1. Give the stretch 172-201 a look and list any residue that's of a type in the set (Gly, Ala, Ser) and closer than 19 Å to Thr233 by Cβ, or say none.
2. Give me the residue from the stretch 6-56 that is within 17 Å of the chain's Cα centre (by Cα) and of a type in the set (Ser, Thr, Tyr) and, out of that set, surrounded by the most Cβ atoms within 10 Å (Cβ to Cβ).
3. Can you tell me which residue is nearest to Ala164 (Cα to Cα) among those in the stretch 57-98 that are small (Gly, Ala, Ser) and open to solvent by 10 Å² or more (accessible area, probe 1.4 Å)?
4. Picking from Ile247, Ile254, Ile226, Ile194, which residue would you name as being of a type in the set (A, V, I, L, M), within 24 Å of Leu143 (Cα to Cα), touching a Ser or Thr at 6+ places or on another chain (Cβ under 6 Å) and touching a residue at least 24 places away in the same chain (Cβ under 8 Å)?
5. How about the stretch 15-109: which helices (runs of 4 or more DSSP H) wholly inside it have at least 2 residues that are under 28 Å from Val127 (Cα atoms)?
6. How many residues does the stretch 175-191 contain that are in contact (Cβ under 8 Å) with a residue 60 or more places away in the chain and out of contact with any helix residue (DSSP H, G or I) (no Cβ under 8 Å at 6 or more places or on another chain)?
7. Do any strands (runs of 3 or more DSSP E) lying entirely in the stretch 132-226 carry at least 1 residues that are open to solvent by 40 Å² or more (accessible area, probe 1.4 Å) and more than 27 Å from Pro16 (Cβ to Cβ), and which ones are they?
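The values are calculated or read from the model by the stated rules, or taken from the named source; none is laboratory data. This one's a predicted model, so the numbers in the text were calculated from it and none came from an experiment. A quick note on method: Cβ atoms are made from the backbone with ideal geometry, for glycine too, and the neighbour counts reach across all protein chains shown. The accessibility values were calculated without ligands, DNA or RNA, using every heavy atom of the protein model including side chains. Shrake-Rupley method; radii C 1.70, N 1.55, O 1.52, S 1.80 Å.
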Amino acid sequence: MTISGKTRVCAVIGDPIEHSLSPVIQNAAFNALNLDIIYTAFTVNASNVINALTGIRALNFLGLSVTMPHKEKVIPHIDWIDNTAKCLNTVNTIHCKENKLLGYSTDGIGALGALRENGANPHGKRVLILGAGGAARAIAYTLIEDADELVVLNRTVTKVEKLAETLKQKFGKKIRVNSLSPSIIRKEVIDSDILLDTTSVGMKPSMDQSLITSDYLRSDIVVMDIVYSPVETRLVREAKTAGAKVINGVEMLIYQGAAAFEIWTEHKPPVQVMRKAALEQIGRV
């Protein structure tokens, strides 16, 4: 594409950010629809989050993706957030519109899209979520209406208890919560239909680690790891060994990115183009 004075800019901020596939995915989508938009990535440490948001406002960016560890930190510094993001206190997508910063959460939409499009509809299923960070909260919020039962485990139990109370008040449905210990994971995974690992275990520097090994798993369970770098985490390898159905983190990245694309552009996202670009980049790496 030709960059001109009319070209709009989107970006992703986080720390670290060098591993991000989002620039490849979003630029492929913009090019496919002949949109005069480019997407890049910026490393922003915690002390510079306010400065980064001031900068995108001043430079009239079109949109911003927000990843770890800034999904909560951006909230006090934007003008409006949607009900999902407000309920969960997490924002991963910002739309810069008429000099206002509008915040959204698309992680839950991304997880649901990844599950459904890979033949794992959570409707009526027992879903187990490991972790209670921003992505986990968004996923729980999105899946709770479909799932027959939702269980969330986290190292800090008080944090997951707060999530359970929030969802109970919002939806009138109870979720079970507990600590993220090996014995409890093993107990809970036995009867689960879908397992989602939203923790950072499996990313650098813990690439050789997994909260679950193959002997925990059955061939009829669906396992999704939202880590996408590396694509084949230790959990993914363990799930394959058990013969389980596996959905890797690239799928969720694509569908949450597609939701952000639609917020920014009001165009239907070219999902297949986005997936192809991601897989080609992974192949090159």
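1. We begin by selecting, within the stretch 172-201, every residue of a type in the set (Gly, Ala, Ser); these are 172, 179, 181, 183, 192, 200.
Listed by number, the residues that qualify are Ser192, Ser200.
2. Among those residues, the one meeting the criterion is Ser22.
3. Of all residues in the stretch 57-98, those small (Gly, Ala, Ser) come to 58, 63, 65, 85.
Narrowing further to those that are open to solvent by 10 Å² or more (accessible area, probe 1.4 Å): 58, 65.
Values: Ala58: 39, Ser65: 27 Å.
The residue in question is Ser65.
4. Details: Ile247 fails: touching a Ser or Thr at 6+ places or on another chain (Cβ under 6 Å); Ile254 fails: touching a Ser or Thr at 6+ places or on another chain (Cβ under 6 Å); Ile194 fails: touching a Ser or Thr at 6+ places or on another chain (Cβ under 6 Å).
Only one candidate passes the filter, namely Ile226.
5. On the way: elements: 22-32, 49-58, 83-88.
Output list reads 83-88.
6. Taking the stretch 175-191 first, the residues in contact (Cβ under 8 Å) with a residue 60 or more places away in the chain are 188-189, 191.
From what's left, out of contact with any helix residue (DSSP H, G or I) (no Cβ under 8 Å at 6 or more places or on another chain): 188, 191.
Here the count works out to 2.
7. Values: elements: 149-154, 176-179, 194-197, 222-225.
Once the strands (runs of 3 or more DSSP E) in the stretch 132-226 are filtered for at least 1 residues that are open to solvent by 40 Å² or more (accessible area, probe 1.4 Å) and more than 27 Å from Pro16 (Cβ to Cβ), what remains is 149-154, 176-179.
Residue-wise test of (1) in a helix (DSSP H, G or I); (2) modelled with pLDDT under 95; (3) acidic (Asp, Glu); (4) open to solvent by 20 Å² or more (accessible area, probe 1.4 Å).
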residue	(1), (2), (3), (4)
Tyr228	no, yes, no, yes
Val231	no, yes, no, yes
Glu238	yes, no, yes, yes
Val246	no, no, no, yes
Ala258	yes, no, no, no
Ile263	yes, no, no, yes
His267	no, no, no, yes
Ala277	yes, no, no, no
Glu280	yes, yes, yes, yes
